[in-house]
Amino acid sequence: MAGMTPQENLLAPESGAVRFKEYRLMARAFRRDPLAVASLIVILLFVLGAIFAPVLTPYPEQGRGAPNILEKFQPPSREHPLGTDYLGRDVLARILFGGRSSLTIGFLVVFIAVAVGVPLGAIAGYYGGAVDDIIMRITDMFLAFPPLLLAIAVAAALGASFTNAMIAIAFTWWPWYARLVRAQTLSLRKLHFIEASQSIGVSNSTIILRHIFPNVLTPVLVQATMDIGGAILTGAAISFIGLGVQPPTADWGKMISTGRIYFIERPWYAGSAGAAIFLVTLSFNLLGDAIRDVLDPKTRRAG
Amino acid sequence: MMDDILLSVEDLHIEFQTYAGTVHAVNGMTFDVRRGEIFGLVGESGCGKSVTGLAILRMVPEPGVITQGTIRFHGENLLEKSDEQMRTIRGGKIAMIFQDPSASLNPLFTVGNQVVRVIRQHLHLGKKEALERALAMFEAVGLPEPKRIFHAYPHELSGGLQQRAMIAFALSTGAELLVADEPTTALDVTIQSQILELLIDLRDSQGVSILLITHNLGVVAETCDRVGVAYAGSIVEAGATDDVLFDMKHPYTHGLLAAIPHPSRRGQPLQAIEGSVPNGLALPPGCPFHPRCPKALPICQTQPPALISLGAGHFVACHLYAGQKES
Amino acid sequence: MTTSPLVEVRGLKKYFFSRQGLISFSERKVVRALDGVDLAIQRQETLGIVGESGCGKTTLGRTILRLLTPTSGQILFDGEDITMLKGRALRTYRQHMQMVFQNPYSSFDPRATVLQSLAEPLKTHTVLRGEALVRRARELLQQTGMPGDILYRYPHEFSGGQLQRIAVARALALNPKFIVLDEPTSALDVSVQAQIINLLQELQRSLHLTYLFITHDLSVVQHISDRIAVMYLGKVVELSPTEALFDDGARHPYTQALLSAAPILDPELRRKRIILPGNVPDPASPPSGCRFHPRCPLAQDVCTRVEPELKPLQDGHWVACHLIESHQQEEF
């Protein structure tokens, strides 16, 4: 083992690790990025809109699905800012309520994927050997499933529903986190502090919990943020083909599916749903980008 | 005697703007490299030696900025050259080799391919002549079986061979100055001695001047003609190797040498310099070494010492010698 | 009366098998990192291990500490055979033997405070908690020359030397008898290196510690070690008291070449350089017979066929070389 140059590189801290004290600096860098702030605001608006939907719209029952045939196909007006749909329901109300299913899918799918994928990846990377091989082969198997086809299969087997759509998507999402965390874990193992804990006699499970998890947090966080947008998109696609949320529950994907037939003459229905999906997905992507830029000291701009 | 000097760095200042503040990596670095000599730029971490090496080739990474000073090569200030001109100089007249040769060689191309490409780019030779020149260079750096190495990929070579290939690469275009940044630090001791012998040989047979950047005083003692000791971004002492290492003037040089284990001092505690190298974000006022200096005077706390000549090419930046300045 | 050694290693072998996948019939590469090492480390001594890359010195340290499981051979700690210990039994022994690593920055969890890092060994093996734990942490820091008020700082806030002191403090937390120091000063500046070496020697005296000091820096190992073992490709080729070795006492051709290659400041100490041809060979395919024979300037026919054993010369000086046995070796 030949020698190392004594280097104290002030500008390059260890990979993946976050300094708690630098949170303030990071928050400041974040605030300076207009796209980051904008995307955060948009997301917050949609989330709050979804949570407080019944209060925000004068037509909560229509949002939930109650028809209003007399007013069907109304273009945007004072009473209905986004018009009404084919059953006369206020489109804005439908969008707000639709946000509930879409955002729920987004957050829950990613949550499940992280909860399953991160521990598996950490275990695979930490123990190596046969354990690693087995977990990785299982991961590969799941990676081979395209989300939509799996959703169709699950729907065929268990029936089309919101929950089943969620399970189908999560099924195909967790392998990415397993891979990501495994790679991070492998590079962490090259550092000595894992060995140091081992030489102290700390049990393997404690090492994984206390030392590996906190240090893989950063890339997982970035990936998860961007994936929420992706999950929403996939959820919309599944609803679009009719396998997810069932009517009369509002859902953006479903809205596009039913609304596309008369899109040319009455674009406000499918259009608003499409715009909502677009805005939310874009915002999560931008937010993920911003978080990554802020957490990576190299791209963080000077104070 | 002025045309004896190949490279002249004067009062170089380099800053890095980071989120934590301004890092003063180089603060008034001044030294010369003469034709046909090996000059050692030696110092510990934070002394700015590596950044200085990069600055000579105008390759200081972002967010570093050269804020002051000149770097003259053959009398011309490199800092004023255009990008176009620097591209001709880089690799052509001044070449650089690094600590990790595997990081400098493209893993996708054979070693020979890379050397030939660079030769043709700078010297505009035909394929055949470039090939011949490359092989000649490989032999000159002591690579065994030059033809086999020519067709090898970098990862197929050991560390020592890679470093030799790097040196061949660097000198293949007839560079006059080689900047070597810790070229042997990552190598085993027995291989290290081979490479150092090679550098000395290149100086003797090809007249190459070498700026050897290192933290290892033993390496300096055995290979360098002259040496400059750097601390916290500036030169504190410079001169002929024997003068600086055995007739040292600056308290830091003294402390550095006293801290190295010597068999005569076996069994006694080593003489450590108290404290640690200052952080580039917050350099002490006056002389950067004064907080750790056993001989600090009151003036050291406020006034940075200028580099003065003590005669016979021996320079020191220390208030203790203010009265001995040679006119 | 001789007391028994604290650590003894007999015929220790550690091979690394590269996995070629679950379904593969191609040859597996076997890296013989340690290929039969015999050593005895006496109580309160510092045994230095030197060698170049691939010699196995790092593997030796880790295997003795049971961070790796030996392929064969024996490890005895304080008379007890710990070679195959696992789980709880092994963990009990961990208190007695600790390690300090080369790079202080990578030997601490970057997201843990100094207190958390120091508390880890204490929480794992003792019942100290709360106030008592904090007090003990401060004590440890004091012992290694660090102020007690740094408990809530993070590793990256310290310089290499300071962090290495904290690493030593952590190693002392459980009052170990034996510490493996794996290149503890190689990543530090010279001036800081001196501080750490002084600290280590002081602690050895006051706490009666035994050190295994692994390094490639010959001037450092000469200063701190009582005895030195030179390793080459997984075996010990020479073992000698330090002074004897450096006072022109090296007998193995590799040791002589190694000592001559190190760049030395003091011209009076410099030896005529013996430049070895070739490179350090691959530990996955060591040469036949004496592993050093392809590069040895004195290689004889027997060296290509038979592996020399470590044999005693005099006064605790052991060498593994055919030429020494038959008294055929000349001085360079």
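The values are calculated or read from the model by the stated rules, or taken from the named source; none is laboratory data. The shown structure was predicted, so the numbers you read here are calculated from the model rather than taken from an experiment. Note that each Cβ is placed from the backbone with ideal geometry, even for glycine, and that neighbours are counted across all protein chains shown.
You will find that of B:SER276, B:SER264, the residue that is hydroxyl-bearing (Ser, Thr, Tyr) and not in a helix (DSSP H, G or I) is B:SER276 and no other.
Residues in region C:110-159 that are acidic (Asp, Glu) and within 14 Å of another protein chain (Cβ to nearest Cβ): C:GLU120, C:GLU157. Applying the criterion of being touching a helix residue (DSSP H, G or I) at 6+ places or on another chain (Cβ under 7 Å), assigned to a strand (DSSP E or B) and within 14 Å of chain A (Cβ to nearest Cβ) to the residues of region B:9-25, the residue that is modelled with the lowest pLDDT is B:ALA25. Counting only strands (runs of 3 or more DSSP E) that fall entirely inside region B:195-260 and contain at least 1 residues that are within 11 Å of chain C (Cβ to nearest Cβ) and at pLDDT 90 or above, the qualifying elements are B:209-214, B:226-231. Restricted to region A:191-246, and to residues there that are touching a helix residue (DSSP H, G or I) at 6+ places or on another chain (Cβ under 9 Å), part of a helix (DSSP H, G or I) and among the hydroxyl-bearing types (Ser, Thr, Tyr), the residue that is nearest to A:ILE152 (Cα to Cα) is A:SER239.
Is it fair to say B:ILE191 is within 12 Å of chain C (Cβ to nearest Cβ), farther than 22 Å from C:ASP189 by Cα, in contact with a helix residue (DSSP H, G or I) (Cβ under 7 Å, 6 or more places away or on another chain) and of a type in the set (A, V, I, L, M, F, W, C)? Considered against the rule, which asks whether it is within 12 Å of chain C (Cβ to nearest Cβ), farther than 22 Å from C:ASP189 by Cα, in contact with a helix residue (DSSP H, G or I) (Cβ under 7 Å, 6 or more places away or on another chain) and of a type in the set (A, V, I, L, M, F, W, C), B:ILE191 comes out as yes. Of all residues in region B:268-298, those satisfying the criterion of being away from every other protein chain (no Cβ under 14 Å) and over 21 Å from B:ASP11 (Cβ atoms) are B:LYS295, B:ALA296, B:LEU297, B:PRO298.
Residues to consider are B:ALA95, B:ALA130, B:ALA134, B:ALA103; find the one that is in contact with a strand residue (DSSP E or B) (Cβ under 7 Å, 6 or more places away or on another chain) and either buried (at least 18 other Cβ atoms within 10 Å of the Cβ) or not basic (Lys, Arg) (or both).
Values: B:ALA130 fails: in contact with a strand residue (DSSP E or B) (Cβ under 7 Å, 6 or more places away or on another chain); B:ALA134 fails: in contact with a strand residue (DSSP E or B) (Cβ under 7 Å, 6 or more places away or on another chain); B:ALA103 fails: in contact with a strand residue (DSSP E or B) (Cβ under 7 Å, 6 or more places away or on another chain).
Checking each option against the conditions leaves just B:ALA95.
Just one residue in the set B:LEU161, B:LEU178, B:LEU125, B:LEU131 is outside any helix (DSSP H, G or I) and without any contact (Cβ under 8 Å) to a residue 60 or more places away in the chain; that residue is B:LEU125. Candidates in region C:173-197 are the residues that are surrounded by fewer than 24 Cβ atoms within 10 Å (Cβ to Cβ) and polar (S, T, N, Q); of these, the one that is modelled with the lowest pLDDT is C:SER186. Within region A:171-198, being over 19 Å from A:VAL222 (Cβ atoms) and more than 14 Å from every other protein chain (Cβ to nearest Cβ) holds for A:PHE171, A:THR172.
For region B:283-293, enumerate the residues that are in a loop (DSSP other than H, G, I, E, B) and in contact (Cβ under 8 Å) with a residue 24 or more places away in the chain.
First pass over region B:283-293, keeping only residues in a loop (DSSP other than H, G, I, E, B): B:283-289, B:293.
If the condition is that a residue be in a loop (DSSP other than H, G, I, E, B) and in contact (Cβ under 8 Å) with a residue 24 or more places away in the chain, then B:LEU283, B:CYS287, B:PRO288, B:PHE289, B:CYS293 are the ones that fit.
Among the candidates C:SER53, C:SER107, the residue that is surrounded by 22 or more Cβ atoms within 10 Å (Cβ to Cβ), of a type in the set (Ser, Thr, Tyr) and either within 9 Å of chain A (Cβ to nearest Cβ) or in contact (Cβ under 8 Å) with a residue 12 or more places away in the chain (or both) is uniquely C:SER107. Answer yes if at least one residue in region B:10-25 is touching a strand residue (DSSP E or B) at 6+ places or on another chain (Cβ under 7 Å), surrounded by 16 or more Cβ atoms within 10 Å (Cβ to Cβ) and under 28 Å from B:ASP201 (Cβ atoms), and no otherwise. No, region B:10-25 contains no residue that is touching a strand residue (DSSP E or B) at 6+ places or on another chain (Cβ under 7 Å), surrounded by 16 or more Cβ atoms within 10 Å (Cβ to Cβ) and under 28 Å from B:ASP201 (Cβ atoms).
So that you can scan it fast, the table gives a plain yes or no per residue for (1) surrounded by fewer than 15 Cβ atoms within 10 Å (Cβ to Cβ); (2) within 30 Å of B:ASP242 (Cβ to Cβ); (3) in the same structural domain as C:GLN42 (by TED's automatic domain parsing):
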position	(1), (2), (3)
C:VAL230	no, no, yes
C:SER260	no, yes, yes
C:GLY289	no, no, yes
C:ALA299	no, no, yes
C:ARG305	yes, no, yes
C:LEU310	no, no, yes
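Of the helices (runs of 4 or more DSSP H) contained entirely in region C:85-164, those carrying at least 3 residues that are closer than 22 Å to C:ILE196 by Cα and modelled with pLDDT of 90 or more fall at C:114-125, C:130-143. Scanning region A:71-95 for residues that are touching an Asp or Glu at 6+ places or on another chain (Cβ under 9 Å), assigned to a helix (DSSP H, G or I) and either within 24 Å of A:PHE171 (Cβ to Cβ) or not basic (Lys, Arg) (or both) gives A:GLU71, A:VAL91, A:ALA93.
Does B:ILE149 satisfy the condition of being touching a helix residue (DSSP H, G or I) at 6+ places or on another chain (Cβ under 7 Å), at pLDDT below 90 and under 26 Å from C:LYS272 (Cα atoms)? Let's see the steps before the verdict.
Values: touching a helix residue (DSSP H, G or I) at 6+ places or on another chain (Cβ under 7 Å): yes; at pLDDT below 90: yes; under 26 Å from C:LYS272 (Cα atoms): no.
Here the answer is no, as B:ILE149 does not meet what is asked.
Yes/no matrix, rows are residues, columns are (1) of a type in the set (Gly, Ala, Ser); (2) free of Cβ contacts under 8 Å to residues at least 60 places away in the same chain; (3) in contact with a Leu (Cβ under 7 Å, 6 or more places away or on another chain); (4) surrounded by fewer than 16 Cβ atoms within 10 Å (Cβ to Cβ):
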{"position": "A:ILE69", "(1), (2), (3), (4)": "no, yes, yes, yes"}
{"position": "A:LYS72", "(1), (2), (3), (4)": "no, yes, yes, yes"}
{"position": "A:PRO75", "(1), (2), (3), (4)": "no, no, no, yes"}
{"position": "A:LEU82", "(1), (2), (3), (4)": "no, no, yes, no"}
{"position": "A:SER102", "(1), (2), (3), (4)": "yes, no, no, no"}
{"position": "A:GLY117", "(1), (2), (3), (4)": "yes, no, no, no"}
{"position": "A:GLY125", "(1), (2), (3), (4)": "yes, no, yes, no"}
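For region C:204-225, the set of residues classified as within 18 Å of the chain's Cα centre (by Cα), over 23 Å from B:GLY255 (Cα atoms) and hydrophobic (A, V, I, L, M, F, W, C) consists of C:LEU209, C:LEU212, C:PHE213, C:ILE214, listed by residue number.
Whether a residue is buried (at least 17 other Cβ atoms within 10 Å of the Cβ), in a helix (DSSP H, G or I) and of a type in the set (Gly, Ala, Ser) was assessed, and B:GLY112 passes this test. Could we say that B:SER45 is within 14 Å of chain C (Cβ to nearest Cβ) and either among the hydroxyl-bearing types (Ser, Thr, Tyr) or assigned to a strand (DSSP E or B) (or both) here? Answer is yes for this residue.
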